[in-house]
Amino acid sequence: MSSLARRRATDYTVKAISTGFAALSLVLLAWILWTLLSRGLPALGPHVFTKITAPPGAGGGLLNAIVGSLIQIGVALVIGTPIGLMCGTFLAENGRGTQIANAVRFVNDVLLSAPSILIGLFVYQLLVVPVGGFSGWAGSIALAILVIPVVVRTTEDMLNLVPIGLREAAFALGAPQWKVVTFITWRAARAGIVTGILLAVARAAGETAPLLFTSLGNNGWSISLNAPMASLPIAIYQYAASPFEDWVALAWAGALIITVGVLTLNILSRLVLAKMK
Amino acid sequence: MDATLTGTQASSVIATAHKPTGRISDPIFVALLWASGIFVLILLGLIIAMLFEGGLPALKEFGISFLWSTSWNPVTERFGAGVMVSGTLFSAVIAVIVALPLSFGIAFFLTEIAPGPLRRPIGVAVQLLAAIPSIIYGMWGFFIVVPLMAAYVQPPLIELLSPIPFIGALFQGPPLGAGMLTAGLILALMILPFITAMFVEVLESVPPMIKESAYGVGATTYEVYRNVSVPYGRAAMVGAVMLGLGRALGETMAVTFVIGNATRMSASLFAPGATIASTIANEFPEASQGSLKLQALLELGFILFVISFIVLALSRLLVRSKLKG
């Protein structure tokens, strides 16, 4: 074979393998989604949303877990979003170029990919041990620590896209910085910032490990943030590994709910981001 | 003033010029921004400090040999991190070894081969793999992958490879399905989208001129990829791989479902094992407050933090050095 023919053959082979790898990744995604649909859908009924968790065979649902998840994510957002928003604004507006901003950006990147189970251990040490019990607050704060780095990163990226002239125009009218930031810059980047918050919700909604040692889970009706609180991921974790068929079925139903929610949020935010960039 | 002043610099100049008008709202606002920035720094410091402090008694009890001692016996209260540290590194390295060629291939496909209209949808689909929660991977792995491994993958491999001296030791033992290899494969699938996304970003930052000159002298698409694009972005790509490694080190729920959770040392890929994260998740419910076991678990957490911090920090430095010039 001539050298050219061999090189062409190599090129062709590598292209075929690469295409195969891409196809494989799509097949695996489809496989996971198919597993969720085929096992989750049959288990999904009104009882999942209307009844709280119950002993095996008693026909329980996931209501307390769903409500617990929503409460903890809500509280995590209320705590985490303002801090993340302010920190992202600091990085994009005030700190840029300074050593301290570089350090903050670096630390934020580390927090963004730090193992989430360690956040759970940290909040356990910080809150659960001194207070003397697991609680919805502890779970919410653990989730807030996961929310912050996501919001910081997207806020900074989005603010960097806001044209300089917009700020200059506002400053020229004599507006103080807080007005320029809140009324002009944030407003111009609004869609992007909301996207970041959606991504943060998606991340917090699927996390299990940080809740293990903080809000613990609760098999009763639990809406007090001062007591252990149920959550969807923890309920799935407990049920999936159990020997009872109806519990495993509920775990699949819960897994389907979470995945559909998280993937929807992700696709939505990607659509908005694609439009902005 | 320099004409190339960036917007923020300009705005801070203007903001400074504005200050003498005597408003008090602005200093408060700026102070809040600074406080949030510094809060993130303090947060990381606190996490390190709390984990270290929590694990300190275990470190004092067992000394530095805690790091490599392989005993983990709650009954006699002898604890060591050896099995978990090696399990963490072992499973993460398997994940990277499996994910790396796949990422190279998919990134090549997405940047050079895929027809234009298909690029975005396929790219997004690969990214969605990263959005699926860890516990879903765990369930899928536990109910689907583990039985498949036990029935179809491990028996032929054991028959074929275990008699071979030396590497045979990797393939010893009963085909349980759950174990180090299964955990590594699931982790590979989980880190694949992160590595691929960063590879694509790096490859797209290669100046077209360089690639075109290679095409001009008659190189094939693969040759341009291999000899021009990849070397150009090598540092950032190594960073991307380390980011994937960092993620694999700390994954908890998926691994807990499929690794088998045995705190014994074994060389076999098929043997059940444990990682730091899976051990913490598994054994925490049985560790009472103030017990030596809890302290040993916190110490494990601290070790995991140090390992992932080093890996993530290196990856950030490598990625930034290239992408941000």
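Taking the Cα centre as origin and putting +1 on Lys and Arg beta-carbons and -1 on Asp and Glu beta-carbons, what dipole magnitude results for region A:66-194, to the nearest 20 debye?
Computed charge dipole of region A:66-194: roughly 180 debye.
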Practice task
Amide H neighbours of residue A:219 under 5 Å, at least 5 residues apart or on other chains, H built in the peptide plane: list them.
Solution key: none
Problem - Placed amide H near residue B:78: partners under 5 Å, 5+ positions off or other chain - result: B:73
Practice task
Have a look at B:24, B:136, B:158 and tell me which one the Gaussian network model of chain B (Cα, springs below 10 Å) gives the largest fluctuation.
Solution key: B:24
Practice task
Give the span of chain A's Cα atoms along each principal axis, as three whole-Å numbers ordered largest to smallest.
Solution key: 72, 68, 34
Handout entry: Most to least packed among A:220-229, B:183-192, A:50-59 [average Cβ atoms within 10 Å]
Key = B:183-192, A:220-229, A:50-59
Handout entry: Per-residue HN-Hα couplings for region B:254-264 [Karplus 6.51, -1.76, 1.60; θ = phi - 60°; Hz; x = Gly/Pro]
Key = 4, 5, 4, 6, 10, 8, x, 6, 10, 9, 10
Exercise for the section: Check cross-link reach from residue A:51 to the aspartates and glutamates: straight Cα distance under 16 Å, and skip same-chain residues fewer than eight apart. Expected result: A:246
Exercise for the section: State the percent of C-alpha pairs, over all pairs in region A:142-271, separated by a distance greater than 16 angstrom. Expected result: 71 percent
Problem - Per-residue HN-Hα couplings for region B:52-68 [Karplus 6.51, -1.76, 1.60; θ = phi - 60°; Hz; x = Gly/Pro] - result: 5, 5, x, x, 3, x, 5, 5, 5, 5, 9, x, 5, 5, 3, 4, 10
Practice task
For residue B:211, list the aspartates and glutamates whose Cα falls under 14 Å from its own Cα; do not include residues on the same chain fewer than 8 positions away.
Solution key: B:112, B:223
Problem - Candidate aspartates and glutamates - alpha carbon under 17 Å from residue A:179, same-chain residues fewer than 8 apart omitted - result: A:93, A:168, B:26
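Could you work out, residue by residue across B:42-53, how many beta carbons of other chains sit within 10 Å of that residue's beta carbon, and then give the average as an integer?
That works out to 4 on average.
Can you tell me which of B:46-58, B:62-74 comes out highest on packing, and rank the rest after it, using the mean Cβ neighbours within 10 Å?
Top of the packing list down: B:46-58, B:62-74.
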Exercise for the section: For region B:57-204, build the convex hull from the C-alpha positions and give me its volume per residue in Å³. Expected result: 189 Å³
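Under DSSP H, which helices of chain A have Cα atoms covering 24 Å or more of the helix axis and a Kyte-Doolittle average no less than 1.6?
For chain A, where a helix must reach 24 Å along its axis and average at least 1.6, the hits are A:63-89.
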Handout entry: Volume per residue that the Cα convex hull of chain B spans, once the total is divided by residue count, Å³
Key = 220 Å³
Completion exercise
With -39,500 (n - 2.57) per DSSP H segment of 4 or more residues and division by the full residue count of chain B, the 222 nm estimate, nearest 500 deg cm²/dmol, is -21500 deg cm²/dmol
Handout entry: Given charges at Cβ of Lys, Arg, Asp, Glu: chain A dipole, positive-most of A:237, A:50, A:91
Key = A:91
Problem - GNM top mover of B:175, B:117, B:101 - chain B, alpha-carbon springs below 10 Å - result: B:117
Handout entry: Dimensions (Å) - the protein assembly as shown, Cα atoms, principal axes, largest first
Key = 77, 77, 55
Problem - Gain upon complete extension [residue A:264, residue A:10; 0.36 nm per residue less C-alpha separation] - result: 87.4 nm
Problem - Computed helical MRE - 222 nm, chain A, DSSP H runs ≥ 4 contributing -39500 (n - 2.57), nearest 500 - result: -23000 deg cm²/dmol
Fill in the blank from the handout: Output ordering of B:27-36, A:64-73 (per-residue mean of other Cβ within 10 Å, highest first) is A:64-73, B:27-36
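When the expected Rg is taken as 2.2 N^0.38 Å, what fraction or multiple of it is the alpha-carbon Rg of region B:33-125?
After normalising by residue count via 2.2 N^0.38 Å, the value is 1.82.
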Fill in the blank from the handout: For peptide A:171-180, the mean count of other chain Cβ atoms within 10 Å per residue Cβ is 6
Completion exercise
If every Lys and Arg gets +1 and every Asp and Glu gets -1 at its Cβ, then about the Cα centre region B:172-325 yields a dipole, in debye to the nearest 20, of 320 debye
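FYI, it's all coordinate maths here, none of it is from the lab. A quick note: this is a predicted structure, and the numbers were derived from the prediction, not measured. Reconstructed Cβ throughout: ideal geometry from the backbone, glycine too, with neighbour counts over all protein chains shown.
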